[in-house]
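The numbers here are math on the coordinates, done by the rules we state, and not lab data. As the structure is a prediction and not an experimental result, all values here were calculated from the model. Glycine gets a Cβ as well: all are built from the backbone with ideal geometry, and neighbour counts include every protein chain shown.
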Amino acid sequence: MAATIKNLAEGQLPNSKTTLYTVPALTSAVVLNVVCVNKDTVTRTHNLYYKKSGGTSRLLTAENQQIQAKYKSTVEEKITMGAGDQIEGDASAATIVDYVISGVERT
């Protein structure tokens with residue numbers, strides 16, 4: 001079994017809860033961190049969730065966690081995930097908050 005350290009996902013948070021990363025079939029993963037950056041000139045809020053395959057979304061951050069203008073928020077909790085598990089997210093405004101999910105996939 002090979003373990004690969006990698007950028008699991010990146011993009012901009014939407015304004016409604018959306019899947020950001022799904023663990024591929026026959027793979028497990030460990031999310032090492034999620035970095036969110038508010039590029040706006042005003043404070044924005046965001047939410048990150050873990051969703052077990054076939055399960056219910058669970059918050060990873062404080063609900064509607066604030067990120068000041070031009071600042072970042074980092075979740076450094078290690079999250080173990082199985083095939084089909086997901087990281088989801090949303091922000092108070094679409095395409096304003098960038099995100100990068102870093103971790104390890106094992107096949």
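Key figures for this structure:
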item: Extension gain (nm, one decimal) between V42 and T19, 0.36 nm per residue minus Cα-Cα; result: 5.8 nm
item: Under 19 Å between alpha carbons - lysine pairs in the chain that sit 8 or more apart or on different chains; result: 7
item: Dipole in debye (nearest 20) - region 3-106, about Cα centre, beta carbon charges: Lys, Arg +1; Asp, Glu -1; result: 60
item: Residues of region 87-107 with amide N under 18 Å of the 7 Å Cα→Cβ point at Q66; result: 91-93, 97
item: Likely footprinting exposure, K51, K70, K39, fewest C-beta neighbours within 10 Å first; result: K70, K39, K51
item: Neighbourhood net charge (13 Å Cβ-Cβ; Lys/Arg +1, Asp/Glu -1) for T22; result: -1
item: Residue among G54, G11, G89 with the largest mean-square fluctuation in a Gaussian network model of the chain, springs linking Cα atoms under 10 Å; result: G54
item: Amide H contacts of L20 (H built 1.01 Å from N, under 5 Å, at least 5 apart or other chain); result: I87, E88, G89
